[in-house]
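*Asks:* A single structure is presented below for examination.
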Amino acid sequence: MRKTEKSLSLRILPNAVSFCQYMGIFAGQNMKMKRQVHMHIEGVPNPNAMKFVLENGILADEAYEFCDYAQAEASPLARKLLMLRYVERVLIHDNFVTVLKFPQTPPSWDELLYEVKMLIQQHLEDNEPILYLGAQALKHQRSDELVAEIATNLLNHRIRPAAQEDGGDILFEGFRDGVLSLSMHGSCHGCPYMSETLSKGVEPLLMGALPEIKQVVIKK
């Protein structure tokens with residue numbers, strides 16, 4: 001009879017909670033596993049912005065920008081950041097989070113970096129959600145400046161290292177009216193395989209991540 005009662009009690013456990021988790025909660029223990037997070041901070045040309053880069057993972061496959069707390073309902077991470085009184089907007093894309101503070105708002109970034117970095121790092125270490133599926137509805141029309149920034153980041157992290165290993169380099173030259181311009185240097189200049197590299201490597205990566213890019217051209 002006791003065995004029957006025990007099996008019934010196990011069957012009524014919520015599907016989302018394992019027996020071990022259930023016992024941990026019952027015993028008042030925290031069963032959540034921590035994630036290893038490695039981050040660094042990069043300065044950007046805008047003095048009011050800072051870029052927080054995740055070194056061991058991807059945060060989002062497309063760019064999502066949140067300008068106020070209500071709009072950030074689709075991103076628990078952005079909501080936490082926008083609760084800080086000095087944060088104006090948050091951009092989440094690829095492996096980085098860009099945080100923009102209100103212009104001329106004290107304190108300075110020197111005093112804010114640790115707080116913002118620890119907030120992001122703690123959120124990721126706790127395996128908290130970054131974006132909900134409904135975030136697709138919040139995709140915005142990106143400006144040419146934002147497309148250029150994202151394209152440059154992809155170029156620097158995904159394309160240029162491989163080109164540099166072969167003794168060349170590929171540089172961003174500009175973006176306007178859907179056309180992204182690149183320039184080839186070193187061994188990449190005049191390479192007989194460049195057309196294939198462009199069509200099978202560079203274009204799919206950039207145009208796949210940024211639908212705003214309609215054409216990639218090589219500046220001579």
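*Asks:* Among the residues of the stretch 116-163 satisfying the criterion of being in a helix (DSSP H, G or I), over 18 Å from F96 (Cβ atoms) and out of contact with any strand residue (DSSP E or B) (no Cβ under 8 Å at 6 or more places or on another chain), which is modelled with the highest pLDDT?
*Replies:* A162
*Asks:* If you don't mind, another one. Any chance the stretch 176-190 includes a residue that's in a helix (DSSP H, G or I) and among the charged types (D, E, K, R)?
*Replies:* No.
The values are calculated or read from the model by the stated rules, or taken from the named source; none is laboratory data. Small disclaimer: the values here were computed from a predicted structure and weren't measured. Please note: Cβ atoms are built from the backbone with ideal geometry, for glycine as well, and neighbour counts cover all protein chains shown.
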